[in-house]
Amino acid sequence: MKFKYLFFIFLLITAGLQSEAQEKNSGNDSVKVYKKIETYSKKSKVNSFVYRLLFRSQRKSTPSTNTKRKRYFIKKSFDRNEGKIIRSITIETLDPFGYSVDNYKDVPEKGFEKFGNNLHIKSKNWTIRNLLLFKKNEPLDSLVAKESERLIRKQRYVRSVIIKPVEIPNCNDSIDISVRVLDSWSLIPTGAISNTQGSFELTERNFFGLGHEFENDINRRFETGQNAYKAKYTISNIKNTFINTTFTYENSIDNFTTKSARVERQFFSPFTRLAGGLFLENRFYIDSLPDNAGVFAKQRFKLETQEYWAGHSFKIFGGKNEDYRTTNLVTTIGYKSTTYIEEPTLTYDPTKFFSSEKLYLASIGLNTRKFAEDKYLFNFGIIEDVPYGQVYAITGGVQEKNNLKRAYFGGRFAYGNYFDFGYLGTNIQWGSFYNNGCTEETTFRIEGNYFTNLLSLGGWKIRQFINPTLVIGNHRAPIIKDRLSFSDANGISGFTNPLISGIRKLSVGFQTQTYVPGNWHGFHFSPFYNMTFGLLGNETDEVFNQRLYSKFSLGVLINNDYLVFNSFQISFSFYPSIPYEGTNLFKTNTLKNDDLILPDFQIGQPVIVPFK
């Protein structure tokens, strides 16, 4: 079947998914341009169609009986006390070993639990308070409380959290709030050693209980005595503003350096109204480029980058329904300046692909963004927040580069939701520069994410993940660095040669993930089987060439209830063939847990569609 028919079928499937939404009555409108939608929502078919595009049914969850009962009582308590004035907020943080957020009787009894807790510095109460979206003397809002719980749970130094109202005897207009947080062990030493080099990494994700993250990496090459060093410090959520600041310094073994600073406030929640940030970077590195004869030579790169952006989110529907309150009209503007102090010679970069540029972008879009609580995805039995919703956005702007001005226009559609057959999400992007009416450096990109409902086989639990990615480029720059490869997160790890590239790429990953019952000293084991396939195509191919790239992996993901990293893995991979390297190859630890990253339905800093 030809590609155009496959693409047509994909569009039909996407359109079919869109038609499954349930129609609801619209509430009051808080933005004038959408006022008519609310006024005529029950009468106008057009408005009903818009509503179907924006709103989706609630997540169908099947939690355990105990969890379901506890969540039910907490929800009923919120419903019963909705709108009451918050009199006080009590925050209790717990050490990682021996405690439980939902059972007050659990206390550390074993010696190693008490020893570990003595070494641990608990999260400060005001560190947790800074993550709350509600305050004293305000009316209780159950959606805001639920979102605050998600934001706390999102912190990698927190294992679990429960926020619940505490009723006050003989008081009908006020309520107390209890916030109970279970910390994770936050000091993570890791290392590796071989015949040629050794490395040591020390990460503290909750520095002195402040929620700051401090990372130090040291690497040494034994033969030459060369050292590499990387330091990264992140200050999270400065004084309840949700502004994050990150400073990074890196000096590699080859003396490549990177110095950067980022200050940013994202649209961290559907209730966020203002966002923005800045990024400054100074970078030096050496890379190889081929000349017209295909002979590679090392080239020096030194550049400075500045990025600034700001955004505003408008609530477009009134009412207290979650669908109304999580649907927003988002506008953002951005500026990026890249200055090359050292760049390749014209022999190796005749089109001056690596040259200074200025980029001005603006975007506008509608998004509905919600989160479902699920388990057994990337952690073992711990509540995880799965994003779902939809995005409709367009981006436009101007690029100044090589004494030319080019217009840019792009669009994005993203959708994700739970269905009877599991979770399905897609992210479709298209963008292109325009020069004298002709398109240049066009990118069309489709990413998919699917996982089944949790299946049981005896005491074992099983999920199947499928992650396809399709990227198509057109009129790309005639340089090897403007080519697609499998060496990034959307490819097949192990194919690192730059000559394995093209302007079109299709990759599909299938992963069967199992979860073994029980644990060993807090460690949970999740064996997996992964198959990944890929195709590439160049200008001379009709779509893709006839070579199928593949990788087959067996391994185990290892989780620990008390540690802050999601997991680490041991894996063995078989490659039938790797060009320029050989056939029937075996490699270890070539699969990472972040290969299964879920989409986000946030509209943030305006950027061009990534070609990777």
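For residue 269, the test of being part of a strand (DSSP E or B), of a type in the set (Ser, Thr, Tyr) and in contact with a Lys or Arg (Cβ under 9 Å, 6 or more places away or on another chain) is failed. Residues in the stretch 204-233 that are of a type outside the set (A, V, I, L, M, F, W, C) and in contact with a Lys or Arg (Cβ under 9 Å, 6 or more places away or on another chain): 205, 206, 209, 211, 212, 213, 215, 216, 217, 219, 226, 227. Please determine, by comparing only the residues of the stretch 556-577 that are polar (S, T, N, Q) and more than 26 Å from residue 112 (Cα to Cα), which one is modelled with the lowest pLDDT. This residue is 571. Taking the stretch 511-535, which residues are touching a Gly at 6+ places or on another chain (Cβ under 8 Å), farther than 16 Å from residue 375 by Cα and not hydrophobic (A, V, I, L, M, F, W, C)? Matches in the stretch 511-535: 527, 530, 532, 534. Restricting the stretch 490-510 to residues that are of a type in the set (Val, Ile, Thr), part of a loop (DSSP other than H, G, I, E, B) and in contact with a Gly (Cβ under 9 Å, 6 or more places away or on another chain) leaves a set whose member that is modelled with the highest pLDDT is 503. All of 547, 504 fail the test of being of a type in the set (Lys, Arg), touching a Leu at 6+ places or on another chain (Cβ under 8 Å) and surrounded by fewer than 17 Cβ atoms within 10 Å (Cβ to Cβ), apart from 547. Yes or no: residue 318 part of a strand (DSSP E or B) and in contact (Cβ under 8 Å) with a residue 12 or more places away in the chain? Taking the combined requirement at face value, the residue does not satisfy it. Within the stretch 174-199, restricting attention to residues that are modelled with pLDDT of 90 or more and surrounded by fewer than 17 Cβ atoms within 10 Å (Cβ to Cβ), the residue that is farthest from residue 84 (Cα to Cα) is 178.
Name the residues in the stretch 96-114 that are charged (D, E, K, R), part of a helix (DSSP H, G or I) and either at pLDDT 85 or above or exposed (fewer than 12 other Cβ atoms within 10 Å of the Cβ) (or both), would you?
The one that is charged (D, E, K, R), part of a helix (DSSP H, G or I) and either at pLDDT 85 or above or exposed (fewer than 12 other Cβ atoms within 10 Å of the Cβ) (or both): 114.
Going by the structure shown, is residue 411 touching a residue at least 40 places away in the same chain (Cβ under 8 Å) and either assigned by TED's automatic domain parsing to the domain that holds residue 440 or assigned to a loop (DSSP other than H, G, I, E, B) (or both)? Taking the combined requirement at face value, the residue does not satisfy it. Would you check if residue 507 is without any contact (Cβ under 8 Å) to a residue 60 or more places away in the chain, closer than 30 Å to residue 569 by Cα and of a type in the set (Gly, Ala, Ser)? Here the answer is yes, as residue 507 does meet what is asked.
Scanning the stretch 427-479 for residues that are within 28 Å of residue 606 (Cβ to Cβ) and not in a strand (DSSP E or B) yields a total of 7.
Residue 92 meets all of the listed conditions (1) touching a Ser or Thr at 6+ places or on another chain (Cβ under 9 Å); (2) part of a helix (DSSP H, G or I) but one, namely (2). Just one of the listed residues (252, 260) is more than 30 Å from residue 93 (Cα to Cα), modelled with pLDDT of 95 or more and not hydrophobic (A, V, I, L, M, F, W, C), and it is 260.
The values are calculated or read from the model by the stated rules, or taken from the named source; none is laboratory data. Since this is a predicted model, take the numbers as computed values, not measurements. A quick note on method: Cβ atoms are made from the backbone with ideal geometry, for glycine too, and the neighbour counts reach across all protein chains shown.
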